[in-house]
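Visitor: The structure is given below, and queries will be raised subsequently.
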Amino acid sequence: MVTVVLAAVGISVGVPLALVAMAWVAATHPALALTGIAGYAGFTRWQARWTRPGPDDEAGFLQTLSAELTGGASLRSALVAAADRSERLPLHGAARAAAAGLPAPRVAGLLGAALPVNGRMTAAAWLLAAESGGPAAVVMQSLAVRAAREGELIRERRSLTAQARASAWVVAGLPAVLLAGTVVSGRLDAAGDPALGLVVVIGVTLQAIGVAVVVAMVRRAER
C-alpha cells in the first residue's frame, strides 16, 4: 500500500514514468531489479564496444593531427602519429599508406573514408597541403572544432529524447515481465482457454506496434 501511494505521489508531482517504474520494480521485486540492472550494464558495455566511431573520435584525431603539425612534424608523420592515438577510427590504412610513401591522392582518399563527419574536407585539406606544401594545422584545428560541435548537437538531441526512450523500454519491458511471471506461476492458462490466448496475442501485438512507433519517432527526432 505504501508503495502504491509513493508511486502515485511521484507521478502526480511530475517524476518521469521510467523512474517511477524502476523504483516500483526495485521495491516489489529486488531480484528482478538486480537482474535488470546487470543486464543493462552488460548491454551498455557491449554497445560501447561495437558502436561506430562518431564526431568526438574524429575531433580528437584532428586535434592531435593539428598539434603534431604545429610541433613541426611533417604531414605524413603527423598523420601516422595521430592515427596511432586514435584507436576507434579506422585510420590504419591511411597511416600505412602515408608511412609507405604512397601518392598523396591515395593517402587522402583513405583518410577521408575513415572520418564520419569531415571526411571529404579533411582529405581535400590534407591533399592540398601535401601538393602545395602549405600549412594545414589551422585548417585541421577548425575541422576539429566543427566535429566537436556536431558531437554536442548529437548529445543534445539524445538528451531531449532520453525520457521517451526510457518510457518505451518501460512500456515494452514491464508488461512482458509481468506476463512471463503470470505464465510461469500458473495463474494464466492461455493454452487451456483459446479466447484468453487470443486476447493475449492481440495485446502483445498492439504493444509491439506501439513500441515500434515510439522507437521510430525517437530515431527520427534524433536525426
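Condition check ((1) buried (at least 21 other Cβ atoms within 10 Å of the Cβ); (2) modelled with pLDDT of 90 or more) across all residues:
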{"residue": "TYR40", "(1), (2)": "no, no"}
{"residue": "PHE43", "(1), (2)": "no, no"}
{"residue": "ARG49", "(1), (2)": "no, no"}
{"residue": "ALA59", "(1), (2)": "yes, yes"}
{"residue": "LEU62", "(1), (2)": "yes, yes"}
{"residue": "THR70", "(1), (2)": "no, yes"}
{"residue": "ARG76", "(1), (2)": "no, yes"}
{"residue": "VAL80", "(1), (2)": "no, yes"}
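Visitor: Oh, and also: Of all residues in the range 111-140, count the ones that are over 25 Å from the mean Cα position of the chain (by Cα) and part of a helix (DSSP H, G or I).
Guide: The qualifying residues number 14.
Visitor: If you don't mind, there's one more thing I want to ask. Out of the residues in the range 82-95 that are farther than 12 Å from LEU115 by Cβ and at pLDDT 90 or above, which is farthest from the chain's Cα centre (by Cα)?
Guide: Let us first name the residues in the range 82-95 that are farther than 12 Å from LEU115 by Cβ, namely 84-85, 87, 92-93, 95.
Then keep just the ones that are at pLDDT 90 or above; that gives 84-85, 92-93, 95.
Working: ASP84: 24, ARG85: 22, HIS92: 23, GLY93: 25, ALA95: 27 Å.
Per the stated criteria, the residue is ALA95.
The values are calculated or read from the model by the stated rules, or taken from the named source; none is laboratory data. Since we're looking at a predicted model, the values are computed, not measured. Cβ atoms come from the backbone with ideal geometry, glycine included; neighbour counts cover every protein chain shown.
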